[in-house]
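The values are calculated or read from the model by the stated rules, or taken from the named source; none is laboratory data. Predicted model only: the values in this text are computed from it and were never measured. Ligands, DNA and RNA are stripped out before the accessible areas are found, and what is left, the full protein with its side chains, is counted by its heavy atoms. Shrake-Rupley method; radii C 1.70, N 1.55, O 1.52, S 1.80 Å.
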Amino acid sequence: MTARGLEEFLGPFPHETTCRVIDWVKEEVKRQSGNTESEDGKRSLLNTLHYLFESQNRGLAQAALGSVETLSFRGMTLTPIDCAVLAHVIGLCDTIKHLDLENCHIQCEGIQRLGPGLHKCQELRLRKVGLTDSGAEDLASALSTTPSLTDLNMAVNSLTDRSVPALRRLILALPDLELIR
């Protein structure tokens, strides 16, 4: 299925060539996801995720991303489009053990775009992302059906007491959740 989809997208190739391209993409994603200490490494991974998204080849994206357990874009400014791509990508992964978006300035619109993919996360770091009370409501709605979420860090955001009801609903829905606010 993956090879056929890739051939439809890129044109006909000998089967061996198609398989080598798929293996290369999988190795590239694995290498890049382990190389996110530098800004260039994070940007390279994000660009690859955009390419996978734009290919609309679900089989290729799942093959490349299925075993990725950690994604870190800490310190990068992510646009709403980046967040939509991340939501799509996360949705294709088996499980994301750790998603680190600390200091990514994603704000409320980014949270809205990420929402559909966050159900796969176990640990989510949204420290210093520009989250406001309305974003907390969106986040609580997106995460309230995420039984695997065990750790949520939302420290250093613009949350007030108005976000307490949303966070309370989240804690009630996920009793094993460790919430850092």
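Some points to look at:
- Compared with the dominant Cα axis of the chain, that is its longest principal axis, helix 133-143 is turned about 50°.
- Look at where the Cα atoms of segment 49-94 and of segment 122-166 average out, and the two centres are 21 Å apart.
- For segment 64-181: accessible area per residue (Å², 1.4 Å): 43 Å²
- Using distinct alpha-carbon pairs, which all enter the 1/r mean, Kirkwood radius of segment 1-88 in Å: 13.6 Å
- The long axis of helix 39-55 is offset from the longest Cα principal axis of the chain by roughly 70 degrees.
- Size of segment 16-61 as Cα extents on the principal axes (Å, biggest first): 34, 20, 12
- Listed residues 107, 56, 122, most fluctuating in the chain (Gaussian network, C-alpha, under 10 Å): 56
- Largest mean-square fluctuation among 12, 80, 147, in a Gaussian network model of the chain whose springs join Cα atoms under 10 Å apart, belongs to 12.
- Rounded to the nearest 10 square angstrom, residue 70 shows an accessible area of 70 square angstrom against a 1.4 Å probe.
- Entry for the chain at q = 0.09, 0.11, 0.13, 0.18 Å⁻¹: log10 I(q)/I(0) = -0.33, -0.48, -0.65, -1.10, Debye formula applied to identical alpha-carbon scatterers, no solvent contribution.
- The Cα atoms of segment 38-127 give a gyration tensor whose axes a ≥ b ≥ c have a/c under 1.5, which makes the shape rounded.
- Tensor-based shape of segment 96-181 (alpha-carbon gyration tensor, a/c under 1.5 rounded, otherwise prolate or oblate): rounded
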